[in-house]
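Some notes on the structure that comes next.
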Amino acid sequence: MFDREEAIPLREVEFRLLRDLIKEYCGLFFDDGSMFLLEKRLSRRLKVHQLNDFRDYYRFLLYDRKRDEELTCVIDLLTVNETFFFREQNQLKAFSDEILPELRETNRESKRIRIWSAGCSTGEEPYTIAMLALEYGYLYGWDIEILGSDINQRVLTTARRGVYRKNSFRSTGRSFVDKYFAEENGSFTISEEVKRLVSFSCLNLLDPFKAKFVGKMDVIFCRNVLIYFDQNARKKVVDTFYDSIVEGGYLLLGHAESLMNISTSFALRHLKNDMVYQKPILQERTAHVR
């Protein structure tokens, strides 16, 4: 019998095989310093399936009929999903004070706004976006759709529940907590007014087929996600975003991220509160070429 606390040894050759398989599956890249992390966190999966070593586990991930289900478990165990409400305040101010008014003007006929929070983790980001849309006040009667996606099923379960602890509110003003949450026994439940604007979906950003079903978006938030990908995966994800954003729409990355050496398809726009990426409007690009 396996000792529940003892990690099963992971050899370097097996680590590289597993690392490459995970990268091909979802774009996450683990450098050589991550071997102990994979050994510690994935050993429990070998014990669940009563496998003797990581070579057997690698074969399981390649050929078993439950490989997709198991790869989901792998991603759940290996990804870190630390987030909180109202993260990166300057960017959010640019969104609420500059981008939303612009969308109100450009979408005045359709009265529809679609926003995608890619890599949404436990839901704080899409719920933050929803609260800001409600606070804007000039979108009454509009069709506002906010999609939160993540590859990690476990965090999406938390997001759909919409129940949070105090640690999620480190950057949240008390007025938002009082207005949009119900507090009970140290837990805070998001209001139905906010919840109705947000839906959640499990989505692999490296799967362009599934991304097509997302449809066209006015704004995509993808903050502190690309840093976990290698260069080729970043390019694939950004290409997917480009295809998913309407002309004139916006891509908002984390402050530690940029499109330098990844893509020249987006224009860097300097707003009053922050710098964001914008998909050029075709007519403007054509006029520029002329």
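Derivation of every value follows stated rules applied to the coordinates shown; laboratory data play no part. Please read these numbers as outputs of a predicted model, since none were measured by experiment. Positions of Cβ are generated from backbone atoms using ideal geometry, with glycine treated the same way; all protein chains shown enter the neighbour counts.
Key figures
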read-out: Separation between Cα centres of the range 139-215 and the range 24-54, rounded to whole Å; value: 29 Å
read-out: Simple Cβ-charge dipole of the range 89-289, Lys/Arg +1 and Asp/Glu -1, about Cα centre, in debye nearest 20; value: 300 debye
read-out: Mean separation of Cα contacts under 8 Å, 6 or more apart, over the residue count of the range 207-290: relative contact order %; value: 30 percent
read-out: Rounded to 10°, Cα long-axis angle of helix 54-63 versus longest principal axis of the chain; value: 60 degrees
read-out: Estimated D of the chain in µm² per second, where Rh is the Kirkwood radius over Cα pairs and Stokes-Einstein applies at 25 °C, 0.890 mPa s; value: 118 µm²/s
read-out: Value of [θ]222 nm, deg cm²/dmol, for the chain, DSSP H segments ≥ 4, -39500 (n - 2.57) each, nearest 500; value: -12500 deg cm²/dmol
read-out: For the range 19-106: relative contact order, % (alpha-carbon pairs under 8 angstrom, 6 or more apart); value: 16 percent
read-out: A7-S263 FRET efficiency (beta carbon distance; Förster radius 51 Å; 0.05 resolution); value: 0.80
read-out: Relative contact order computed over the chain (Cα-Cα under 8 Å; 6+ residues apart), in percent; value: 17 percent
read-out: Within the range 59-102, trypsin sites (Lys or Arg not before Pro) in DSSP loop having at most 12 other beta-carbon neighbours inside 10 Å; value: R65, K66
read-out: C-alpha long axis of helix 67-78 to longest principal axis of the chain, angle in °; value: 80 degrees
read-out: Which of M217, Q231, M275, positive extreme of dipole for the chain (C-beta unit charges); value: M217
read-out: 24 Å Cα-Cα reach of K47 towards lysines, excluding residues that sit fewer than 8 places from it in its own chain; value: K23, K66
read-out: Out-of-range pairs (alpha-carbon distance over 21 Å; input K216/K279; K195/K272; K111/K212; K236/K279); value: K195/K272; K111/K212
read-out: Cα long-axis angle, helix 124-136 against the chain (0 to 90 degrees, to the nearest 10); value: 10 degrees
read-out: Gyration tensor over alpha-carbon atoms, the range 12-78, equivalent ellipsoid semi-axes in Å; value: 16, 14, 11
read-out: Fraction of beta bridges assigned by DSSP in the chain that are antiparallel (%, nearest 5); value: 40 percent
